[in-house]
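Colleague: Submitted below is the structure of interest, expressed as structure tokens.
All of the numbers you see were taken from the coordinates with simple rules; none came from a lab. Since this is a predicted model, take the numbers as computed values, not measurements. Note that we place each Cβ from the backbone using ideal geometry, even for glycine, and neighbour counts take in every protein chain shown.
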Amino acid sequence: MTILLIDDHPLLRGGMRFLLRSLDAGLDMDEASNAAQALELLAARSYDLVLLDLKMPGLNGMDALAALRAAVPGTPLVVLSAEDDPGVVRAAIEGGAMGFIPKSSTPEVLIQALRLVLAQGVYLPPAVLAAAHPAPAPMPSPAQAGVSADTLPGLTPRQMDVLRCIIKGKANKVIARELDVSEGTVKAHLSAVFMALGAHNRTEAVYAAAKLGLKLA
């Protein structure tokens, strides 16, 4: 497994390198202390996962997230942050992050969260999920619905493909190109996804998927 860790604190990078060995004994991890270095590394090789600290020298915050998301639109990207303000978490998810892990999390939570993301799920801090506005329609868990954790009742395989794409923060135009359909078809699929999840928009859909624990690998 290849991981790129972007953080300006050497001690944290060293600690993460040690912790992530429990994720994969054959871990191959590169480090970057800022977004510019990270973009150079991303241009040179591919990664299975990118971990980003939002507060760094130079390009940082949501601008850094946008630049990295544009550079590797198909790579799972997770934000590591010292803060867990719901507004920051929401902005990160809207920016295409597939997870948001507070640095106050335990090592066990970190590893479980990353495993979920690598399985194409979404990880959000429990406090943020608890504070999120409830969806208009009740959303049973996959177990309660009698289905596996990688599907939703009433959604076609293609609609599940669209859900995978919006979790990765992909725009409608990109989804249409990758699935070889029209943007109108993508919008129709999105409407079905929103209805199934009781969501009004992409961000609510991602939050709902996180609440359900959907794994879309």
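Colleague: Suppose a student asked you for the relative contact order of the range 2-130, using Cα pairs under 8 Å spaced at least 6 residues apart; what percent would you report?
Modeller: That works out to 22 percent.
Colleague: If one computes P(r) from the Cα atoms of the chain, what percent of pairs lie at distances over 33 Å? Don't skip to the answer; put the middle values down first.
Modeller: Numbers: 3224 of 23436 pairs.
In whole percent, the share of Cα-Cα pairs in the chain beyond 33 Å is 14.
Colleague: Okay, next question. Can you tell me how much longer the chain between Ser104 and Leu12 gets when fully stretched, taken as 0.36 nm per residue apart minus their C-alpha distance, in nm with one decimal? Intermediate results must be reported in sequence, preceding the final value.
Modeller: Details: separation 92, 0.36 × 92 = 33.12 nm, distance 1.22 nm.
Extending this stretch completely gives an extra 31.9 nm.
Colleague: I would also like to ask the following. Choose one answer from Leu124, Leu52, Leu20: the residue with the largest mean-square fluctuation in a GNM of the chain with alpha-carbon springs under 10 Å.
Modeller: Of the options given, Leu20 has the highest mean-square fluctuation.
Colleague: Restricting to Cα atoms and excluding each atom paired with itself, what does the Kirkwood estimate give for the range 142-212 in Å? Each step should come with its number before you reach the end.
Modeller: Details: mean 1/r = 0.0821 Å⁻¹.
It works out to 12.2 Å.
Colleague: Once the dipole of the chain is set up with Lys and Arg at +1 and Asp and Glu at -1 on Cβ about the Cα centre, which of Leu52, Phe18, Ala91 lies farthest towards its positive end?
Modeller: Of the listed residues, the answer is Ala91.
Colleague: For a test of understanding, tell me how many lysine pairs in the chain have Cα atoms under 28 Å apart, given they are 8 or more places apart or on different chains.
Modeller: 19
Colleague: Relative contact order of the chain, please, whole-number percent, based on alpha carbon pairs below 8 angstrom and at least 6 residues apart.
Modeller: Over the chain, the number comes to 18 percent.
Colleague: Report the gain in length on full extension from Ala70 to Ile111: 0.36 nm times residue separation, minus Cα-Cα distance, nm rounded to one decimal.
Modeller: Values: separation 41, 0.36 × 41 = 14.76 nm, distance 2.57 nm.
Difference between extended and current length: 12.2 nm.
Colleague: Sticking with this one: Can you compute 3J(HN,Hα) from phi for each residue in the range 167-182, using the Karplus curve 6.51 cos²θ - 1.76 cosθ + 1.60 with θ = phi - 60°, rounded to whole Hz and x for Gly and Pro?
Modeller: 5, 7, x, 7, 6, 4, 4, 5, 4, 4, 5, 5, 8, 6, 9, 7
Colleague: Tell me, what is the percent relative contact order of the range 142-212, built from C-alpha pairs under 8 Å that lie six or more residues apart? Write out the running numbers ahead of the final one.
Modeller: Working: 54 pairs, mean separation 19.6, N = 71.
It comes to 28 percent, rounded to a whole number.
Colleague: For the chain, what is the mean residue ellipticity at 222 nm derived from helices alone (per DSSP H run of n ≥ 4: -39500 (n - 2.57); sum divided by total residues; nearest 500 deg cm²/dmol)?
Modeller: On the way: 11 runs with 107 residues, N = 217.
After summing the helix terms and dividing by the residues of the chain, the value is -14500 deg cm²/dmol.
Colleague: Amide H neighbours of Val181 under 5 Å, counting only residues 5+ apart in sequence or on other chains, H built in-plane at 1.01 Å?
Modeller: It is none; the list stays empty.
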